[in-house]
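*Asks:* Dropping a structure here in structure tokens format, bear with me for questions.
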Amino acid sequence: MTSRCDPGVDSPLDPGTLELYWIPLGAGGHVVKWSGRLYEALSARIHRRRPQDLYHAALTLWLPEGRYCIEQAPIPDLDGLRRGVVAEGPVGLRRAGRIRRFRYEIRCWRDGTIADLAAEGTSSQVVSSEATSARRILEVLPSIPTPTWGRDELGTGEMWNSNSVIAWVLCRSGIAASRIAPPAGGRAPGWGAGIDVAWRAEVAAPTR
């Protein structure tokens with residue numbers, strides 16, 4: 001798959017377009033891939049269903065001034081400003097978050113890249129073409145909650161992860177993330193957590 005977020009690819013979409021990517025979990029690393037499969041196998045057994053493919057969500061936002069790549073990812077170095085980092089949070093254990101390798105970052109990277117978009121099985125869909133929703137994303141993203149990755153600190157019944165981030169962003173920008181689903185036969189763990197937390201924010205402090 002050739003992505004419009006890949007360096008050197010110049011095929012802009014209309015301003016205001018939001019493009020959602022579903023990336024197979026572990027596309028860029030064997031550890032994440034096999035740990036994800038183990039997690040899904042255990043989950044499937046507990047819930048008495050067949051194992052499904054797992055996906056990691058990311059978002060591309062097109063505006064007249066540039067293209068923004070939005071995702072949750074590990075922190076590779078201390079140069080977060082270059083990647084448009086708007087927030088950070090701990091991974092696994094809150095105390096461990098004092099160490100960089102146990103922290104994640106949330107990026108809103110202007111003219112940046114999203115890892116693993118060329119991986120086999122990656123798909124994309126346009127979820128909105130409204131400039132108002134696109135601008136809204138840039139407004140709300142810095143206020144995103146940053147609970148511990150992989151845990152349910154917010155009491156949603158699901159762990160918080162990269163899918164939670166994208167679902168939260170979409171909901172807070174006025175897009176019904178509950179109507180969006182990963183490719184057939186796949187799951188996006190954490191998606192419901194993002195929807196739940198975004199809904200709580202809307203109820204507590206409506207903005208529209």
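The values are calculated or read from the model by the stated rules, or taken from the named source; none is laboratory data. Just so it is clear, the model here is predicted, and its values are computed rather than measured. Cβ coordinates were reconstructed from backbone atoms using ideal geometry, including for glycine residues, and neighbour counts include every protein chain displayed.
*Asks:* Pick from region 167-182 the residues that are within 15 Å of L61 (Cβ to Cβ), in a loop (DSSP other than H, G, I, E, B) and not hydrophobic (A, V, I, L, M, F, W, C): which of them is farthest from the chain's Cα centre (by Cα)?
*Replies:* Among those residues, the one meeting the criterion is G174.
*Asks:* Same structure again: Residues of region 165-186 being surrounded by fewer than 19 Cβ atoms within 10 Å (Cβ to Cβ) and farther than 13 Å from Y21 by Cα, which ones?
*Replies:* Those that are surrounded by fewer than 19 Cβ atoms within 10 Å (Cβ to Cβ) and farther than 13 Å from Y21 by Cα: G174, A176, S178, R179, A184, G185, G186.
This table checks each residue for (1) closer than 29 Å to L13 by Cα; (2) at pLDDT 95 or above; (3) in contact with a helix residue (DSSP H, G or I) (Cβ under 8 Å, 6 or more places away or on another chain); (4) of a type in the set (F, W, Y).
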{"position": "C69", "(1), (2), (3), (4)": "yes, yes, no, no"}
{"position": "I75", "(1), (2), (3), (4)": "yes, no, yes, no"}
{"position": "G80", "(1), (2), (3), (4)": "yes, no, no, no"}
{"position": "V85", "(1), (2), (3), (4)": "yes, yes, no, no"}
{"position": "G92", "(1), (2), (3), (4)": "no, no, yes, no"}
{"position": "G97", "(1), (2), (3), (4)": "no, no, no, no"}
{"position": "R100", "(1), (2), (3), (4)": "no, no, no, no"}
{"position": "R103", "(1), (2), (3), (4)": "no, no, yes, no"}
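*Asks:* Related question: Go through region 183-201 and report how many residues are part of a loop (DSSP other than H, G, I, E, B) and either among the acidic types (D, E) or over 18 Å from P74 (Cβ atoms) (or both). Please lay out each step first, then the result.
*Replies:* Filtering region 183-201 down to residues part of a loop (DSSP other than H, G, I, E, B) leaves 183-185, 188-190.
When the remaining residues are screened for being either among the acidic types (D, E) or over 18 Å from P74 (Cβ atoms) (or both), the result is 183-185, 188.
Count: 4.
*Asks:* Which ones in region 45-64 are in contact (Cβ under 8 Å) with a residue 12 or more places away in the chain and either over 23 Å from R187 (Cβ atoms) or among the basic types (K, R) (or both)?
*Replies:* First pass over region 45-64, keeping only residues in contact (Cβ under 8 Å) with a residue 12 or more places away in the chain: 51-64.
The answer is L61, W62, L63, P64.
*Asks:* Out of R98, R110, R83, R67, report the one residue that is among the charged types (D, E, K, R) and farther than 26 Å from T17 by Cβ.
*Replies:* Values: R110 fails: farther than 26 Å from T17 by Cβ; R83 fails: farther than 26 Å from T17 by Cβ; R67 fails: farther than 26 Å from T17 by Cβ.
Within the list R98, R110, R83, R67, the selection yields R98.
*Asks:* Against the condition at pLDDT below 80, within 18 Å of S164 (Cα to Cα) and surrounded by fewer than 18 Cβ atoms within 10 Å (Cβ to Cβ), how does V9 come out, does it pass? If you could, list the steps in order and put the result at the bottom.
*Replies:* On the way: at pLDDT below 80: yes; within 18 Å of S164 (Cα to Cα): no; surrounded by fewer than 18 Cβ atoms within 10 Å (Cβ to Cβ): yes.
Considered against the rule, which asks whether it is at pLDDT below 80, within 18 Å of S164 (Cα to Cα) and surrounded by fewer than 18 Cβ atoms within 10 Å (Cβ to Cβ), V9 comes out as no.
*Asks:* Pairs under 8 Å by beta carbon, first residue without any contact (Cβ under 8 Å) to a residue 24 or more places away in the chain in region 162-181, partner of a type outside the set (A, V, I, L, M, F, W, C), six or more apart or different chains?
*Replies:* A177/G194
*Asks:* Continuing with this model, one more query. Go through (1) modelled with pLDDT under 90; (2) touching a strand residue (DSSP E or B) at 6+ places or on another chain (Cβ under 6 Å); (3) not polar (S, T, N, Q) and name the single condition D14 misses.
*Replies:* That leaves (2) as the condition not met.
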